[in-house]
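**Student:** There's a structure below that I have some questions on.
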Amino acid sequence: MISPQDVLALCREKDVKAIDLRFTDLPGLWQHFTIPVSKLDDDVFEDGLGFDGSSIRGWQAINESDMLLVPQSDTAKLDPFPELPTLSMICNVQDPITREDYTRDPRNIARKASNYLKSTGIADRCLIGPEAEFFIFDEVRYDQTANSGHYHLDSIEGVWNRGQDMTFMGKPNLGSQLRLKEGYSPCPPADQLQDLRNEMMQTMIDCGLDVECQHHEVATGGQAEIDLKYGDLVSMADDMCLYKYIVKNVAYKHEKTVTFMPKPIYGDNGSGMHTHISFWNGDHPLFAGNSYASLSEEALYAIGGILKHAPALLAFTNPTTNSYKRLVPGYEAPVNLAYSQRNRSAACRIPMYSPNPKSKRIEFRCPDPSSNPYLAFSALMMAALDGIQNKIHPGDPLDKDIYDLEPEELANVPKTPASLSEALEALSRDHEFLLRGDVFTQDVINTWISYKKENEVDALALRPHPYEFCLYYDV
């Protein structure tokens, strides 16, 4: 553990000039402000620094806006991007009067989830391993006004540029664009982003992240994936915020742009965040056993909890209207609430790469990287835990390509919600499992539902869509 004294010593050793204090708003975007290093002392780690909580999405009303940021010394990292030597720290958020941790702070929710798991005696650790995908574009333009709405994306390796003059991008067209759904394994020059992903990977390693691999993903137009080794729930959510920060800033440095939007390209794969979860007691993996796919009974119950609560769970793991343009049949995104070993068409997959009990885990394939990692990982853990607590058996596995099932058989397989609105309705009906241990409060649930409905579901429903003009302009 890095103590406050260690942080101060590191600042002196590296001649740090600025301290960047970071926290996460309710939707999941990192926020920050910066102080001179001379203003960082032992008292700051105890007393915190004041800021305006009413200016943060989903947080305080203006009449109760004063809040505190309390830096966490064990999150200290040297920031590789600013010109001025800068050290960043993630902060917990507190009420300045009561000094209680703020219930709408996503990091606080994750900390409470981790502590609640320990209090049950079922396990003392929840390990999370996310596989975040994203797109790297060369250009993006978008706007929505009263009388117009449009977006335009471009990538030098996009299949749509096969017949184009590419001199506008400063390069000739060398004909190595990736066809739709063929981006997973080709080597350079078809994969034109190898060097950029390597730089992202190495920057992550330099910042202390444990990277397992990087590769091009299935879609044309610059889809990528960089995988981190699994870690404890809270630290992994911290790492995912840093992951996004690094990926976006490395791309920006090279005059490219990154989006974690789940479905930016029509007709090709979207970006998911397949999330692996396992429970442990000390060094004992709780999910390894002698049942189906070498799972334990507890693991099967955990799957039962995830599948039972999946419609509500998706309000956090797939929290945008765009998320449900990815969750459609025919792509790698699973819409079928079933479980199976090795099977990527099921919502819950049990990886079978290794017989080692320590590798035994559940992969929940629905989540996408637009989610707030603190909320998504916490909700997933609470659903799995509820399955164990209430012995919710998932039924029989479905060891078939679910997309090829006959309509009569497919009709018996439950499906994910078809829209964010449906997921929010499911959450409003089914959230008692999230309230245990005061992990998610009723206020957080209500705030999340109202924020998403007002700012996203209703906002989108009110605006004409460009494709509607293709369909209806001549009626």
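**Student:** Specify the inter-centroid distance of segment 176-221 and segment 380-429, based on alpha-carbon positions, in whole Å.
**Tutor:** Segment 176-221 and segment 380-429 have Cα centres separated by 32 Å.
**Student:** By the scheme Lys and Arg +1, Asp and Glu -1, what is the net charge of all other residues having a beta-carbon under 14 Å from that of Asn115?
**Tutor:** Working: positive: Arg107, Arg111, Lys112, Lys118, Arg125, Arg436; negative: Asp101, Asp124, Asp232, Asp438.
With Lys, Arg at +1 and Asp, Glu at -1, the net is +2.
**Student:** Val328 versus Glu100, label points 7 Å from Cα toward the beta carbon: distance in nm?
**Tutor:** Between Val328 and Glu100, the simple spin-label model gives 4.5 nm.
**Student:** Note down the relative contact order for segment 202-336 as a percent, whole number, built from C-alpha pairs under 8 angstrom at least six residues apart. Before the final figure, lay out each step's value.
**Tutor:** On the way: 111 pairs, mean separation 21.4, N = 135.
Once divided by the residue count of segment 202-336, the mean separation gives 16 percent.
**Student:** Ignoring ligands, DNA and RNA, what percent of the 1.4 Å accessible area of the chain is carbon and sulfur? Don't skip to the answer; put the middle values down first.
**Tutor:** Working: 10880 of 21610 Å².
With neighbouring chains kept in place, the figure for the chain is 50 percent.
**Student:** Indicate the gyration tensor shape class of segment 4-102 (rounded, prolate or oblate), computed on the Cα atoms with a ≥ b ≥ c the square roots of the eigenvalues: a/c under 1.5 is rounded; otherwise a/b larger than b/c is prolate and the rest oblate.
**Tutor:** On the way: a/c = 2.38, a/b = 1.65, b/c = 1.45.
It comes out prolate by the Cα gyration axes.
**Student:** Over the chain, what is the mean sequence separation of C-alpha contacts under 8 Å (at least six apart), divided by residue count, expressed as relative contact order in percent? Display every interim value, and only then the final one.
**Tutor:** Details: 943 pairs, mean separation 68.8, N = 475.
In percent, rounded to a whole number, it is 14.
**Student:** Taking the solvent-accessible surface of protein heavy atoms with a 1.4 Å probe, what is the per residue accessible area of the chain in Å²?
**Tutor:** Details: 21610 Å² over 475 residues.
About 45 Å² of surface per residue is accessible.
**Student:** Enumerate the calculated ³J(HN,Hα) couplings along segment 209-219 in order (Karplus 6.51 cos²θ - 1.76 cosθ + 1.60, θ = phi - 60°), each rounded to whole Hz, writing x wherever the residue is Gly or Pro.
**Tutor:** 7, 9, 8, 9, 6, 9, 6, 5, 9, 5, 6
**Student:** Applying a 10 Å radius around every beta-carbon, put 386-399, 210-223 in order of their mean neighbour count, most first. Walk me through the numbers on the way to the answer.
**Tutor:** Numbers: 386-399: 16.7, 210-223: 20.5.
Sorting 386-399, 210-223 by mean packing, highest first, produces 210-223, 386-399.
**Student:** Looking at segment 386-430, I'd like the Rg to Rh ratio, where Rg is from alpha-carbon atoms and Rh is Kirkwood's inverse mean 1/r.
**Tutor:** Numbers: Rg = 14.0 Å, Rh = 13.2 Å.
Over the Cα atoms of segment 386-430, Rg/Rh equals 1.06.
**Student:** Under a Cβ-Cβ cut-off of 11 Å, what is the net charge of the residues other than Asp238 that fall near it, where Lys and Arg count +1 and Asp and Glu count -1? Can you show the working numbers first?
**Tutor:** Details: positive: Arg22, Lys77, Arg107, Arg111; negative: Asp74, Asp232, Asp239.
That sum, taken over residues with Cβ under 11 Å, equals +1.
**Student:** Using the beta-carbon distance between Asn147 and Thr120 and R0 = 45 Å, what value does 1/(1 + (r/R0)^6) give for FRET efficiency, to the nearest 0.05? Before the final figure, lay out each step's value.
**Tutor:** Numbers: r = 56 Å, r/R0 = 1.24.
Calculated transfer efficiency: 0.20.
**Student:** Same structure, new question: Sum up the charges of everything whose Cβ sits under 15 Å from the Cβ of Lys14, counting Lys and Arg as +1 and Asp and Glu as -1, but leave Lys14 out. Mind showing how you got there, number by number?
**Tutor:** Details: positive: Arg12, Lys17, Lys77; negative: Asp6, Glu13, Asp15, Asp20, Asp79, Glu83, Asp206.
It works out to a net charge of -4.
**Student:** Loop only per DSSP, at most 11 neighbouring Cβ atoms within 10 Å: give me the GluC sites (Glu not before Pro) in segment 62-144, ordered by residue number. Walk me through the intermediate numbers first.
**Tutor:** Values: sites: Glu64, Glu83, Glu100, Glu131, Glu133, Glu139; in loops: Glu83, Glu100.
Passing sites in segment 62-144 are Glu83, Glu100.
**Student:** Under the classification rounded if a/c is under 1.5, otherwise prolate if a/b is larger than b/c and oblate if not, where does segment 375-456 fall, given a ≥ b ≥ c as square roots of the Cα gyration tensor eigenvalues? Let's see the in-between values first.
**Tutor:** Details: a/c = 3.07, a/b = 1.47, b/c = 2.09.
In terms of gyration-tensor shape, oblate.
**Student:** By Kyte-Doolittle mean hydropathy of at least -1.0 and Cα axial length of at least 24 Å, which whole DSSP H helices of the chain are selected? Spell out each step's value before the answer.
**Tutor:** On the way: long enough: 233-253 (30 Å, 0.37); 297-317 (27 Å, 0.83).
Within the chain the helices that satisfy the rule are 233-253, 297-317.
**Student:** Would you please state the base-10 log of I(q)/I(0) at q = 0.18 1/Å for segment 111-234, with intensities from the Debye formula using one equal scatterer on every alpha carbon?
**Tutor:** Here log10 of I(q) over I(0) equals -0.98.
**Student:** While we're looking at this one, here's another question. In terms of the Cα gyration tensor, with a ≥ b ≥ c the square roots of its eigenvalues, is the chain rounded because a/c is under 1.5, prolate because a/b exceeds b/c, or oblate? Numbers along the way, then the final one.
**Tutor:** Working: a/c = 1.37, a/b = 1.07, b/c = 1.28.
It comes out rounded by the Cα gyration axes.
**Student:** If the only charges are +1 at each Lys and Arg Cβ and -1 at each Asp and Glu Cβ, what is the size of the charge dipole of the chain around the Cα centre, to the nearest 20 debye?
**Tutor:** Working: 44 positive and 69 negative charges, 125 e Å.
With only Lys, Arg, Asp and Glu charged at Cβ, the dipole is about 600 debye.
**Student:** Run the helix sum for the chain: -39,500 (n - 2.57) per DSSP H stretch of 4+ residues, divided by residue count, reported at 222 nm to the nearest 500 deg cm²/dmol. Don't skip to the end; give the middle numbers.
**Tutor:** Working: 14 runs with 147 residues, N = 475.
It lands at -9000 deg cm²/dmol.
**Student:** Continuing with this model, one more query. Restricting attention to segment 418-475, which chymotrypsin sites (Phe, Trp or Tyr not before Pro) occupy a DSSP loop and are surrounded by at most 10 other Cβ atoms within 10 Å? Intermediate results must be reported in sequence, preceding the final value.
**Tutor:** Numbers: sites: Phe433, Phe440, Trp448, Tyr451, Tyr467, Phe469, Tyr472, Tyr473; in loops: Phe440, Tyr473.
Qualifying residues, ordered by number: Tyr473.
The values are calculated or read from the model by the stated rules, or taken from the named source; none is laboratory data. Just so it is clear, the model here is predicted, and its values are computed rather than measured. All Cβ positions, glycine included, derive from the backbone under ideal geometry; neighbour counts span all protein chains shown. We work out accessible area using only protein heavy atoms, side chains counted, and drop any ligands, DNA or RNA first. Shrake-Rupley method; radii C 1.70, N 1.55, O 1.52, S 1.80 Å.
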